[in-house]
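The values are calculated or read from the model by the stated rules, or taken from the named source; none is laboratory data. What you see is a predicted model, and the numbers here were worked out from it, not measured in a lab. Please note: Cβ atoms are built from the backbone with ideal geometry, for glycine as well, and neighbour counts cover all protein chains shown. Heavy atoms of the whole protein, side chains included, go into the accessibility calculation; ligands, DNA and RNA do not. Shrake-Rupley method; radii C 1.70, N 1.55, O 1.52, S 1.80 Å.
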Amino acid sequence: MYFDLGETLVHTADDGSTGYQPGAAAYLRALREHHIRIGLITNVPPSWGTTDAERAARLKKEVDATWRGSAPFAWQDFGDRILTPRTEAERKPAPVLWQRAKADSGRCRLVYEAETTEEVDVAGSLGYVPYQVGQPHRPAFLPVALIELLGRLPH
């Protein structure tokens, strides 16, 4: 499953500091405990590096520099599954990053969680199970048990 980062898993406060969105740290911990592989599909400036790894390293540095919270962001949970645009044309909502994630996922069912309607709509149009976080009268995040069930359903 993949996430957007800003205002989905982390929040940037008015003072420029960053920290977990309410419930995000516990949610990531639950996904880890259930062995659900996760990744990020996030917009960063393409100038931050020539590879996803370089751009991800810069993203980590930028987030960590402004982090406020008792626990650091769980970067280790994402491994090398942090996808970023190589060019301005690849920035979301262009479908390229979701297509790259899908190509790297084998035949796994994919879930995408983000705060914007536009992004979840694009992900859904590409075959992801989309979930918009932050909606009233709905769980903050897609329940872990449902993600596990989706993983067991035939494609």
Residue list for segment 48-104, restricted to those being of a type in the set (F, W, Y) and part of a helix (DSSP H, G or I): W48, W75, F78, W98
Scan segment 110-132 for residues that are in a strand (DSSP E or B) and closer than 20 Å to H11 by Cα and jot them down. Y112, E113, A114, Y131, Q132
Say we look at segment 123-132 and pick out the residues that are within 16 Å of P143 (Cβ to Cβ) and not polar (S, T, N, Q); which of these is surrounded by the fewest Cβ atoms within 10 Å (Cβ to Cβ)? V129
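Okay, residues lined up against (1) open to solvent by less than 40 Å² (accessible area, probe 1.4 Å); (2) under 25 Å from A140 (Cα atoms); (3) touching a strand residue (DSSP E or B) at 6+ places or on another chain (Cβ under 9 Å):
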position: G49; (1), (2), (3): yes, no, no
position: E54; (1), (2), (3): no, no, no
position: D64; (1), (2), (3): no, yes, yes
position: F78; (1), (2), (3): yes, yes, yes
position: P85; (1), (2), (3): yes, no, no
position: P93; (1), (2), (3): no, yes, no
position: E115; (1), (2), (3): no, yes, yes
position: D121; (1), (2), (3): no, yes, yes
Segment 10-23 - residue that is within 22 Å of K92 (Cα to Cα) and touching a residue at least 60 places away in the same chain (Cβ under 8 Å) and, of those, surrounded by the fewest Cβ atoms within 10 Å (Cβ to Cβ): Q21
Given the conditions (1) farther than 30 Å from D15 by Cβ; (2) within 16 Å of the chain's Cα centre (by Cα); (3) part of a loop (DSSP other than H, G, I, E, B), every one holds for R107 apart from (2)
Tell me, please, whether a residue that is outside any loop (DSSP other than H, G, I, E, B) and surrounded by 18 or more Cβ atoms within 10 Å (Cβ to Cβ) can be found in segment 133-146. no
Would you say L28 is in contact (Cβ under 8 Å) with a residue 12 or more places away in the chain, part of a helix (DSSP H, G or I), open to solvent by less than 60 Å² (accessible area, probe 1.4 Å) and not acidic (D, E)? yes
Listed by first then second residue, the pairs whose first member lies in segment 46-65 and is touching a residue at least 40 places away in the same chain (Cβ under 8 Å), whose partner is open to solvent by 60 Å² or more (accessible area, probe 1.4 Å), with beta carbons under 6 Å and at least 6 positions apart or on separate chains, are P46/R86; P46/T87
Can you tell me how many residues in segment 31-47 are assigned to a helix (DSSP H, G or I) and either open to solvent by 50 Å² or more (accessible area, probe 1.4 Å) or more than 25 Å from V122 (Cα to Cα) (or both)? 3
Restricting to segment 66-76, what's the tally of residues that are open to solvent by 70 Å² or more (accessible area, probe 1.4 Å) and in contact (Cβ under 8 Å) with a residue 12 or more places away in the chain? 1
